[in-house]
Amino acid sequence: MQKISRRARVLTIAATAAVLGAGTFGAVSASAEAPAAAPKAAVAADASNKNLTQSTHLNVAAATKAAQAALDAAKKENQRVSVAVVDRNGNTIVELRGDGAGPQSPESAVKKAYTAVSWNAPTSELTKRLEQAPNLKDIPGTLFLAGGAPVTAKGAPIAGIGVAGAPSGDLDEKFAKAGVAALGR
């Protein structure tokens with residue numbers, strides 16, 4: 001039997017380790033790419049589960065259309081505002097900051113939109129509720145100033161549009177309502 005040099009043994013061991021490593025890596029990445037299918041019984045149980053609810057949300061295109069309409073309405077009156085559209089859960093879908101809008105306006109617009117969708121009412125109406133329940137203003141993420149309008153579908157709130165930055169809340173709310181109206185076109 002012929003003796004193998006030390007160099008040949010090291011190269012043979014290294015090559016064997018590389019082949020085994022590549023095989024292991026391939027098996028691991030193949031299993032990572034193809035997750036196991038859910039058992040058919042689990043899929044059937046999910047499909048018939050009466051504990052689930054569905055909700056309606058604006059898509060990004062509709063939210064952008066509404067936000068742009070609100071911003072355009074403000075621009076026609078030479079107002080520098082920010083506009084936000086939030087979904088039913090209060091998550092921001094679209095936020096537009098108009099040219100020259102103040103630094104506080106984006107955050108205020110989001111809070112107005114959140115407040116409008118949370119109570120399914122324009123924020124100008126909600127400010128009146130503060131007289132009977134002044135602690136409402138302490139709810140995190142809300143802003144009880146005019147400028148927020150809810151978006152509804154079948155009577156239920158699905159989004160809120162908030163506008164901030166005009167010299168009055170009435171103007172902010174007028175622009176928010178222009179955004180809501182754009183969704184009906």
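The values are calculated or read from the model by the stated rules, or taken from the named source; none is laboratory data. Model, not experiment: these values are computed from the prediction. Counting neighbours? That spans all protein chains shown, and the Cβs are built from the backbone with ideal geometry, glycine included.
Looking only at residues of region 89-106 that are free of Cβ contacts under 8 Å to residues at least 40 places away in the same chain and within 21 Å of Ala74 (Cβ to Cβ), we find that the one that is surrounded by the most Cβ atoms within 10 Å (Cβ to Cβ) is Val94. The set of residues from region 155-180 being of a type in the set (Gly, Ala, Ser) and within 19 Å of the chain's Cα centre (by Cα) comprises Ala156, Ala159, Gly160, Gly162, Ala176, Gly179. Does any residue of region 104-115 turn out to be under 14 Å from the mean Cα position of the chain (by Cα) and either polar (S, T, N, Q) or more than 17 Å from Leu171 (Cα to Cα) (or both)? Yes; the residues of region 104-115 include at least one that is under 14 Å from the mean Cα position of the chain (by Cα) and either polar (S, T, N, Q) or more than 17 Å from Leu171 (Cα to Cα) (or both). Residues that are touching a residue at least 40 places away in the same chain (Cβ under 8 Å) and part of a strand (DSSP E or B) within region 118-155 comprise Val151, Ala153, listed in sequence order. Among the residues of region 144-168, those identified as modelled with pLDDT under 95 and among the small types (Gly, Ala, Ser) are Ala153, Gly155, Ala156.
Could you say whether any residue in region 127-137 is surrounded by fewer than 18 Cβ atoms within 10 Å (Cβ to Cβ), assigned by TED's automatic domain parsing to the domain that holds Val83 and at pLDDT 95 or above? Scanning region 127-137 turns up no residue that is surrounded by fewer than 18 Cβ atoms within 10 Å (Cβ to Cβ), assigned by TED's automatic domain parsing to the domain that holds Val83 and at pLDDT 95 or above. The residues of region 99-114 that are touching a strand residue (DSSP E or B) at 6+ places or on another chain (Cβ under 6 Å) and assigned to a loop (DSSP other than H, G, I, E, B) amount to a single one, Ala101.
Among residues of region 163-185 being out of contact with any strand residue (DSSP E or B) (no Cβ under 8 Å at 6 or more places or on another chain) and charged (D, E, K, R), the one that is surrounded by the most Cβ atoms within 10 Å (Cβ to Cβ) is Lys174. Tell me the residue from Ala84, Ala74 that is in a helix (DSSP H, G or I), touching a helix residue (DSSP H, G or I) at 6+ places or on another chain (Cβ under 6 Å), modelled with pLDDT of 95 or more and of a type in the set (Gly, Ala, Ser), please. On inspection, the qualifying residue turns out to be Ala74.
Residues checked against (1) farther than 11 Å from Val163 by Cβ; (2) over 20 Å from the mean Cα position of the chain (by Cα):
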residue: Leu58; (1), (2): yes, no
residue: Ala61; (1), (2): yes, no
residue: Gln68; (1), (2): yes, no
residue: Leu71; (1), (2): no, no
residue: Ala74; (1), (2): no, yes
residue: Asn78; (1), (2): yes, yes
residue: Gly90; (1), (2): yes, no
residue: Gly100; (1), (2): yes, yes
